[in-house]
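Visitor: My structure is below; once you've seen it, I'll send some questions.
The values are calculated or read from the model by the stated rules, or taken from the named source; none is laboratory data. Because the structure is predicted, anything quoted here is derived from the model rather than measured. Don't worry about glycine lacking a Cβ; one is built from the backbone with ideal geometry, like all the others, and counts go over all protein chains shown. SASA here: full protein model, heavy atoms, side chains in, ligands and nucleic acids out. Shrake-Rupley method; radii C 1.70, N 1.55, O 1.52, S 1.80 Å.
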Amino acid sequence: MSKILMVISAATTLQLADGSTHPTGYWAEEVAASHRVLKAAGVEVDVATPGGAKPGVDALSLSEQGGVSPADAEEFRTYLAGIAGELATPLVLSDVSVGDYDAVYIPGGHAPMADLAEDADLGRLLNDADEQSKTVAALCHGVAGLLSASKADGSFTFAGRTLTSFTDEEEFQGGLGENTPFFVESRLRDRGAVPRTGAAWSNTVVIDGNLITGQNPQSSTATADAVLKALAARTEV
């Protein structure tokens with residue numbers, strides 16, 4: 001049985017460009033849909049957060065204000081309630097070894113911009129996973145978590161790699177706009193990655209070797225499916 005480490009942000013607030021504080025958390029669909037697809041395929045999923053803190057869901061991700069229909073919100077809320085025990089007692093990220101897992105999976109919400117983007121323990125795990133050619137997957141703002149990984153010379157571990165993320169266009173259309181502390185797509189490009197994005201709000205997944213990235217919440221299921229295919233291919237080798 002394959003085993004995946006799902007790294008979820010524990011941040012509940014994000015400091016915006018104007019210095020104000022914005023409530024945040026993980027995006028419900030990205031955790032619920034991804035977890036459901038992986039578990040349905042028989043994959044073991046462990047949840048880890050910085051410090052082992054209980055992650056909180058972004059209230060917007062369960063509301064029409066966040067672009068989520070009441071029916072979808074209820075579906076995500078029900079699934080999250082079913083894994084509430086796992087979310088309440090996550091592993092401590094600093095205690096985790098990538099050798100125990102076949103893949104690392106980072107869902108989004110704006111929260112990863114507040115902690116995972118600069119988390120040294122996540123950076124260590126991602127470097128180890130990439131060196132061992134294990135699957136590294138990230139979704140939407142969760143792709144900001146890749147920014148935590150640097151080589152010994154300080155260069156970005158994923159420089160030169162093709163990937164996608166929540167786009168600058170989407171951030172202006174339905175995100176934090178000019179008040180975002182940084183634009184994930186632009187920051188990745190500045191660090192040397194090669195963003196390849198689809199149309200705004202499209203289901204877009206980009207695969208570059210062992211790196212799998214999804215553009216937005218609409219890409220949650222497809223990103224998890226791509227991870228399952230990658231793990232199956234690895235098993236067949």
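Visitor: Would you check which residues across region 211-237 are modelled with pLDDT of 95 or more, more than 14 Å from I106 (Cα to Cα) and either in a strand (DSSP E or B) or of a type in the set (S, T, N, Q) (or both) and list them?
Guide: Scanning region 211-237 gives a single hit, Q218.
Visitor: Another question, if that's okay. Could you tell me which of the residues H141, H110 is open to solvent by 10 Å² or more (accessible area, probe 1.4 Å), in contact with a His (Cβ under 6 Å, 6 or more places away or on another chain), in contact (Cβ under 8 Å) with a residue 12 or more places away in the chain and under 23 Å from W201 (Cβ atoms)?
Guide: H110
Visitor: Which of the following residues is open to solvent by 40 Å² or more (accessible area, probe 1.4 Å), under 18 Å from I4 (Cβ atoms) and under 18 Å from the mean Cα position of the chain (by Cα): G209, G214?
Guide: One residue alone meets the criteria, G209.
Visitor: Taking interchain pairs and intrachain pairs at least six residues apart, which have beta carbon atoms under 9 angstrom, with the first residue in region 181-194 and within 12 Å of V143 (Cβ to Cβ) and touching a residue at least 24 places away in the same chain (Cβ under 8 Å) and the second surrounded by fewer than 21 Cβ atoms within 10 Å (Cβ to Cβ) and among the β-branched types (V, I, T)?
Guide: Here the result reads L188/V194; A193/T162, each pair linking region 181-194 to a residue that is surrounded by fewer than 21 Cβ atoms within 10 Å (Cβ to Cβ) and among the β-branched types (V, I, T).
Visitor: Moving on to the next point. Take E178 and decide whether it is open to solvent by less than 50 Å² (accessible area, probe 1.4 Å) and of a type outside the set (S, T, N, Q).
Guide: No; evaluated as a whole, the condition is false for this residue.
Visitor: Now, a different point. What helices (runs of 4 or more DSSP H) completely inside region 1-88 contain at least 2 residues that are in contact (Cβ under 8 Å) with a residue 12 or more places away in the chain and under 16 Å from the mean Cα position of the chain (by Cα)?
Guide: It comes to 28-40.
Visitor: Sticking with this one: Inside region 160-209, can you point out the residues that are touching a helix residue (DSSP H, G or I) at 6+ places or on another chain (Cβ under 9 Å) and among the acidic types (D, E)?
Guide: Result: D168, E169, E170, E171, E178, E185.
Visitor: I'm told S94 meets every condition in (1) within 19 Å of H35 (Cα to Cα); (2) open to solvent by 50 Å² or more (accessible area, probe 1.4 Å); (3) of a type in the set (S, T, N, Q) except one. Can you identify the failing condition by its number?
Guide: The failed condition is (1).
Visitor: Looking at region 21-39, can you tell me whether even one residue there is open to solvent by 50 Å² or more (accessible area, probe 1.4 Å) and of a type in the set (A, V, I, L, M)?
Guide: No; the residues of region 21-39 include none that is open to solvent by 50 Å² or more (accessible area, probe 1.4 Å) and of a type in the set (A, V, I, L, M).
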